[in-house]
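Each reported figure results from applying straightforward, stated rules to the coordinates on display, with no laboratory input. Computed from a prediction, not measured in an experiment: that's the story for all the values here. Cβ sites come from the backbone with ideal geometry, for glycine too, and all protein chains shown count toward neighbours.
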Amino acid sequence: MDNETKGTLLALATAVISGISIPVNKLFVVNIDPTVFTAIRGLIIGLIFLVISWKTKKLTKDVIKEQKWLYLVLIGLIGGGLAFLLYFHGLQVTTSARGAFLHKTLPIYTTILAFIFLKEKITQKQLVALGLMFLGTVVLYLDKITPSNLWSDPSFGDLLVIVASILWAVENTIAKKVMVKGESNFIVSAARMFIGSLFLFGVVVLFGKINVLFSLSFTQIISLLVSTGILFCYVYCWYSSVKLINVSKAATILLLSPVISMILGILMFGEPTPILQLVGSVLILLGGYLVSKVKSEFVGGV
């Protein structure tokens, strides 16, 4: 199996895991402060990737000697810390449906940044696929939000979610740049989660929420561990795919996740399926098929 196929399958696996996480979270409801919740998960996953990097001898002095650590710190602070903080605060102000929809604009920002800074070749087929999938996403959420109202009357929470999505696009671009230079996806994953968790723990201490760590119930701990396992699989598949294919292509494939969630919602909870969701899903699946056929071409970045 060549790298293109392997990377595409890993990106598809990431979308499936992302889609699974939503219905699974309905079964394992975690009533924990989101900053504390994310910090704990990030610390656990970051440490696991550090151990993997050490065991596979990916953690070398080259990280320090070649100043790659600067990029790794940025990946952790931007993607693993600040973006999560803004996203969760945004969700507290806006609705979950609006937040979920706005988060799906991430592939657009990633594609733009990858084209400008990584010089990735964005083919016409890829643009058509991205357009179809985003249009499908709009249709998918039409029964939950009104896009015209969203753009004409955005809330502060909407703005925070958009900024968080842009920051994740920046992080994805930096991560691809570092891996093109030869860095291991395990090291990048460790930096994103571990450094990000340290940032979030700092926020937890600053806002006096440290007591939450010592008041978790058994049920909350089990739910947290299940969520951590899902996130570990997501991070592993995501950065493995980004290392093998264009980050713009990988990010576009992630737009398949709402369709996965919808299908599982029907199977697990018997949720109704409005005609708009079916139409949106067809558009997304068609775009997903087109983008899967796109060949990655990395020219080189600044």
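Taking the chain as a Gaussian network of alpha-carbon nodes connected by springs under 10 Å, the highest mean-square fluctuation of the residues Asn172, Asn185, Asn211 belongs to Asn211.
Screening the chain for DSSP H helices whose Cα atoms reach 30 Å or more along their own axis and whose mean Kyte hydropathy is at least 0.0 gives 3-27, 34-55, 156-180, 185-206, 218-244. Note on the chain: GNM, Cα springs under 10 Å; of Gly288, Gly42, Gly270, the largest mean-square fluctuation is that of Gly270. Label-to-label distance for Asp2 and Ile275 is 4.3 nm, based on points extended 7 Å past Cα in the beta-carbon direction.
Going from the residue with the fewest nearby Cβ atoms within 10 Å to the one with the most, Tyr234, Tyr141, Tyr289 rank Tyr289, Tyr234, Tyr141. Compute the label zone of Thr123 within region 263-294: residues whose backbone N is under 20 Å from the point 7 Å along Cα-to-Cβ. Counting only backbone N, you get 284-294. Exposure proxy ranking for Leu160, Leu77, based on other Cβ atoms within 10 angstrom of each Cβ and starting from the fewest, stands as Leu77, Leu160.
What the Cβ-Cβ distance of Phe218 and Ser96 gives, at R0 = 30 Å and to the nearest 0.05, is a FRET efficiency of 0.65. From the Kirkwood radius over Cα pairs of the chain, Stokes-Einstein at 37 °C and 0.692 mPa s returns a whole-number translational diffusion coefficient of 166 µm²/s. Structure remark: mean-square fluctuation, Gaussian network model of the chain, C-alpha springs under 10 Å; the largest value among Ser248, Ser257, Ser223 belongs to Ser223. Applying 0.36 nm per residue to the separation of Ser155 and Val73 and subtracting their alpha-carbon distance, the gain on full extension is 26.4 nm. In this simple spin-label model, placing a label point 7 Å from the Cα along the Cα-to-Cβ direction at both Leu285 and Val163 gives a separation of 3.9 nm.
Test of understanding: what is the full-extension gain from Phe207 to Lys57, defined as 0.36 nm times their sequence separation minus their Cα-Cα distance? Intermediate results must be reported in sequence, preceding the final value.
Values: separation 150, 0.36 × 150 = 54.00 nm, distance 3.81 nm.
Answer, rounded to one decimal: 50.2 nm.
When only alpha carbons are used to place a centre, region 153-184 and region 89-122 end up 7 Å from one another. Across region 3-292, the mean sequence separation of Cα contacts (distance under 8 Å, 6 or more residues apart), normalised by length, yields a relative contact order of 44 percent.
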